[in-house]
Structures are given as structure tokens and as C-alpha cells.
Amino acid sequence: MLDTQGAVFEFKTISDDQFLHDYHRLIDVDIPLMMIESELLFMMELRKVPQFTMPGSITIDGKAHTFYFEVVTHENSRTKEYRYLRYE
């Protein structure tokens with residue numbers, strides 16, 4: 001979990017397992033997702049976008065893939081949830 005400018009955000013969904021499965025099935029690197037997860041969250045929060053793209057140079061099929069999320073905010077809470085939707 002990260003705290004940037006007062007907002008707390010995290011990957012916290014019932015689709016975490018699907019995201020993890022899709023990420024490791026598509027991405028061809030020796031870095032586990034848990035090592036870069038906070039950086040991905042920080043980047044999406046900083047840029048105010050609900051997705052990130054992995055370049056084709058690090059994917060198994062050589063194509064760029066974008067992972068999409070729904071951002072959910074809770075009333076009276078600083079927590080934002082990034083719910084995994086799909087990849088393209």
C-alpha cells in the first residue's frame with residue numbers, strides 16, 4: 001500500500017489471482033510482480049490513468065499489452081482500489 005498526496009491505493013480485488021495469472025503468462029521477465037507492484041500503482045495514480053502498458057520487448061509474444069483496471073474510491077476513506085478488469 002502506498003500513500004501519495006494523502007491518497008492510499010492498492011491492488012485489492014477478488015480478481016487479484018486473475019491479474020497475477022495474466023501478468024505472468026504474458027510478461028517474460030525474471031522480476032516477480034510483487035517487486036514492481038507498488039511502482040505500477042504509483043505510476044497510475046500519478047498519471048491519473050486506470051491502466052498501464054508493458055512494451056513488446058518484455059512480453060512473451062513480442063506485442064505490447066495494456067492492463068486495465070477500474071478505480072474504486074470509498075466514501076469517507078482515502079483508499080482507492082484498482083480492480084483488475086482485463087488486458088489487451
>> Among the residues in the range 22-45, are any modelled with pLDDT of 95 or more, among the β-branched types (Val, Ile, Thr) and under 10 Å from the mean Cα position of the chain (by Cα)?
In response: no
>> Pairs please, first residue from the range 68-88 and within 16 Å of Arg47 (Cβ to Cβ) and at pLDDT below 95, second anywhere and in a strand (DSSP E or B) and polar (S, T, N, Q), Cβ atoms under 6 Å, 6+ apart in sequence or on different chains.
In response: Lys80/Thr73
>> Val49 - would you say it is β-branched (Val, Ile, Thr), out of contact with any His (no Cβ under 8 Å at 6 or more places or on another chain) and at pLDDT 90 or above?
In response: yes
> From the set of residues in the range 1-21 that are more than 13 Å from Phe69 (Cα to Cα) and of a type in the set (Asp, Glu), which is modelled with the highest pLDDT?
Replying inline: Asp17
> Taking into account only those residues within the range 51-67 that are surrounded by fewer than 15 Cβ atoms within 10 Å (Cβ to Cβ) and of a type outside the set (Gly, Ala, Ser), which is nearest to Gln18 (Cα to Cα)?
Replying inline: Thr66
> What number goes with the only condition from (1) closer than 15 Å to Arg25 by Cα; (2) part of a strand (DSSP E or B); (3) not basic (Lys, Arg) that Gly62 does not pass?
Replying inline: (2)
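The values are calculated or read from the model by the stated rules, or taken from the named source; none is laboratory data. Worth saying up front: this structure is predicted, and the values here are computed from it rather than measured. For neighbour counting, all protein chains shown are included, and Cβ atoms are generated from backbone atoms with ideal geometry for every residue, glycine included.
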